[in-house]
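Everything on this sheet refers to the single structure shown next.
The values are calculated or read from the model by the stated rules, or taken from the named source; none is laboratory data. Treat the numbers as computed from the prediction; the structure is a model and nothing was measured. Quick reminder, even Gly has a Cβ in these numbers, built from the backbone with ideal geometry, and neighbours come from all protein chains shown.
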Amino acid sequence: MSIGNLEALANDIAAAASPFRGYLNDLRQKYQPLQDGAVADYIPELALADPNDFGLCVATKAGQIFEAGDCDVLFTIQSISKAFIFGLALEDHGREYVLSKVGVEPTGEAFNSIVLDEATNRPYNPMVNAGAIATADLIEGANSAERLKRVLEMFRRYTGRELDINMPVFLSEKATGNRNRAMAYLMLNFGMVSEKIEETLDLYFQQCSLMVNARDLALMSATLANGGVNPVSGERALAETYVQDVISVMLTCGMYDASGEWCYRVGLPAKSGVGGGITATAPGKLGIGTYSPLLDAKGNSLRGIRVCEALSRDFGLHLFNAAPAVHDLEAWLQGGDDAARW
Ligand code: GLU
């Protein structure tokens, strides 16, 4: 057995023994009864999600994985893809060029609002649909197949597995996404995006239709927390220099028009999607992935919000926390004294 395998085995054993697993199960039980909110239905296929599904996963920088609930259920990544596509665009073109095409300013508006920064001739940020379409436009590749392949390859590096496109969701979005199409053509009119707009819209709908589970989302954020290197596979998913770009925009714009409230309450860079997923990163520490398709009025997963709030509070994960945490994360993960008392 190689040293790498031995380390992975040691991590698995530690993860199995850690009280953290029980803690996550308790969170799941506590928030499972929440029934407020609704499954998204503006993309017809999304309305088929089971409102009872609820999974939460934490992946640490050391590659330990803790799961509770439905962590194998696949759902579409939707807007969560936007943060990672922004990273790929930065790798393709560098910061200066990307920022000439899309800003980093929160809009305070809904994700699908038709607002553009006409003063700088850019959409406001890569997390709203307009900005995400402009960012998808920047993904390099000789043709549509190659561009998609590069996107799939990027997500494989973050998650450690090949992701598939949910074809019914993709076709449903393509058939009903007239608002996105209108926005794309408005941007074309202003010269904000290139002429290959239909190909880019397909790429955007495809990236949103990729199927992930809560574990994938935890690993994606753990990779960001680990400076761009997947902590389980050891593979680099994003150039180190762009990790802070992606994380910053997640913090300011990642939770739709609830981003300010989220930053105040949870204080973790995060991105949510209307499929019901949330990915949140505690830089230098861990990644969180949650899935529950019941959304609040702003499009964020209700149970997912509660889970992230609890983790942030109990382990002092808020970026600006200066008070001692209720529980010492490191001690917990290693089964130390604090863990024994829990
Ligand atoms: N594909 C969705 C759309 O463009 C993504 C929305 C979201 O998750 O916020 O409407």
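Sort out which residues of the range 170-220 are in a loop (DSSP other than H, G, I, E, B) and crowded, with 16+ Cβ neighbours inside 10 Å, and write them in order of number.
Filtering the range 170-220 for residues in a loop (DSSP other than H, G, I, E, B) gives 177, 190-196, 209, 213.
Across the range 170-220, the qualifying residues are G177, M192, V193, S209, N213.
Here the condition is being outside any helix (DSSP H, G or I) and in contact (Cβ under 8 Å) with a residue 24 or more places away in the chain; of G63, G87, it holds for G63 alone. Taking every residue in the range 142-169 that is in a helix (DSSP H, G or I) and pairing it with any residue that is of a type in the set (D, E, K, R) and modelled with pLDDT under 95, at least 6 positions away or on another chain, the pairs with Cβ-Cβ distances below 9 Å are P168/E45; V169/E45. A Cβ distance below 7 Å, combined with a sequence gap of six or more or placement on separate chains, defines the contacts here; from the range 189-212, residues that are closer than 24 Å to T159 by Cβ and within 12 Å of the ligand (Cβ to nearest atom) reach residues that are assigned to a helix (DSSP H, G or I) and aromatic (F, W, Y) in the pairs F205/F170; Q206/F170; S209/F170; L210/F155. Given the criterion of a type in the set (D, E, K, R) and under 28 Å from G287 (Cβ atoms), identify the matching residue among E162, E96. Going through E162, E96 in turn, the sole match is E162. The single condition among (1) in contact with a His (Cβ under 8 Å, 6 or more places away or on another chain); (2) part of a loop (DSSP other than H, G, I, E, B) that S312 does not meet is (2).
The criterion of at least 1 residues that are at negative phi and either acidic (D, E) or more than 16 Å from the ligand (Cβ to nearest atom) (or both) is met, among strands (runs of 3 or more DSSP E) falling completely within the range 248-294, by 277-282, 286-291.
Can you find a residue that is in a loop (DSSP other than H, G, I, E, B), out of contact with any His (no Cβ under 6 Å at 6 or more places or on another chain), buried (at least 24 other Cβ atoms within 10 Å of the Cβ) and among the hydroxyl-bearing types (S, T, Y) anywhere in the range 297-304? Explain how you work it out, then say what you get.
First pass over the range 297-304, keeping only residues in a loop (DSSP other than H, G, I, E, B): 297-300.
Remaining after also requiring out of contact with any His (no Cβ under 6 Å at 6 or more places or on another chain): 297-300.
Filter again for buried (at least 24 other Cβ atoms within 10 Å of the Cβ), leaving 300.
Imposing the further condition that a residue be among the hydroxyl-bearing types (S, T, Y) reduces the set to none.
Checked against the condition, which is being in a loop (DSSP other than H, G, I, E, B), out of contact with any His (no Cβ under 6 Å at 6 or more places or on another chain), buried (at least 24 other Cβ atoms within 10 Å of the Cβ) and among the hydroxyl-bearing types (S, T, Y), the range 297-304 yields no hits at all.
In the set (1) over 17 Å from the mean Cα position of the chain (by Cα); (2) within 23 Å of L251 (Cα to Cα); (3) modelled with pLDDT of 95 or more; (4) within 11 Å of the ligand (Cβ to nearest atom), the condition left unmet by P123 is number (4). With K61, K82 as the choices, which residue is surrounded by fewer than 20 Cβ atoms within 10 Å (Cβ to Cβ), under 18 Å from the mean Cα position of the chain (by Cα) and closer than 20 Å to A282 by Cα? K61 is the lone residue from the list that is surrounded by fewer than 20 Cβ atoms within 10 Å (Cβ to Cβ), under 18 Å from the mean Cα position of the chain (by Cα) and closer than 20 Å to A282 by Cα. Mind checking whether some residue in the range 94-109 is within 19 Å of the chain's Cα centre (by Cα), among the acidic types (D, E), modelled with pLDDT of 95 or more and not in a loop (DSSP other than H, G, I, E, B)? No, because not a single residue in the range 94-109 is within 19 Å of the chain's Cα centre (by Cα), among the acidic types (D, E), modelled with pLDDT of 95 or more and not in a loop (DSSP other than H, G, I, E, B). Which residues, counting only those in the range 160-169, are surrounded by fewer than 24 Cβ atoms within 10 Å (Cβ to Cβ) and touching a helix residue (DSSP H, G or I) at 6+ places or on another chain (Cβ under 8 Å)? G160, R161, E162, L163, I165, N166, P168, listed by residue number.
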